[in-house]
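The values are calculated or read from the model by the stated rules, or taken from the named source; none is laboratory data. This is a predicted model, so every value here is computed, not measured. Ideal geometry is used to build each Cβ from the backbone, glycine not excepted, and the neighbour counts take in all protein chains shown. The accessibility values were calculated without ligands, DNA or RNA, using every heavy atom of the protein model including side chains. Shrake-Rupley method; radii C 1.70, N 1.55, O 1.52, S 1.80 Å.
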Amino acid sequence: MSQQIYQALQRGANAEAAALAHQAMAAAPTDVETLSAAALAFRSNGERDAALSTIDAAIAQMPDNAELHFLRAGMLLDTRDLGGAQAALAQTIALDPNQYGAYVVQAQMAIGRNDIAEAERQSKLATRVAPEHPWTLMLEGTVASRRGDHDRALSLLTAASQRAPEDVQVLNALGFAYLAKGH
């Protein structure tokens, strides 16, 4: 039934996905795949508390699954629980040091706090995992921009946008780099 939930989410039928999630959980209340899909459905439907309790139930079944901790971090960010999200991201990386997304989110959180040294550290860790990913260039470019190296920032962010021309995060970072340069 988790495939049906994912299909509904892909169609943007969030209420349908949540209804399917309730049915799936009634049929298989301890199945990790079902719980994970249900948590995403609840999150997409705006049911934050249900999403968080469901992902916690999945983690209780499989505490060593880094992906579940990463999903939990996203759900905690939805509720603006930055400390909880940071702890979930740390757990994600402790379980899987190659979890690229966790480094990206930690770098973005550091940028939000204006902790550029930490953002650069997380960016370097992300580079070790996925050096060719456009978001790696995005992070490097954002750090360069925050440090006042606008020409390098524009070069990196332009390269990132060429690799991912439709990526909203990359385009957003490029736009802010142009603003910082005075364009």
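Numbers for the structure displayed
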| read-out | value |
| --- | --- |
| Cα-centre dipole for the chain with unit charges at Cβ (Lys and Arg positive, Asp and Glu negative), debye to 20 | 540 |
| Computed FRET value (nearest 0.05) for Ser53 with His183, which takes r as the C-beta separation and R₀ as 41 Å | 0.30 |
| For segment 114-164, projected area of the alpha-carbon convex hull averaged over all directions, nm² | 3.1 |
| Cα gyration tensor shape of segment 41-126, rounded if a/c is under 1.5, else prolate or oblate by comparing a/b with b/c | oblate |
| Per-peptide average of other Cβ atoms within 10 Å, ordering 62-69, 10-17, 170-177 highest first | 170-177, 62-69, 10-17 |
| Solvent exposure of the chain as accessible area per residue, Å², 1.4 Å probe | 51 |
| In segment 109-141, GluC sites (Glu not before Pro) in a DSSP loop with at most 14 other beta-carbon atoms within 10 Å | Glu132 |
| Size of the chain as Cα extents on the principal axes (Å, biggest first) | 57, 33, 27 |
| Where Val32, Val168 fall by accessible area, highest first, once all protein chains stay in place (1.4 Å) | Val168, Val32 |
| Helical contribution to [θ] at 222 nm, DSSP H n ≥ 4, -39,500 (n - 2.57), averaged over the chain, rounded to 500 | -25500 deg cm²/dmol |
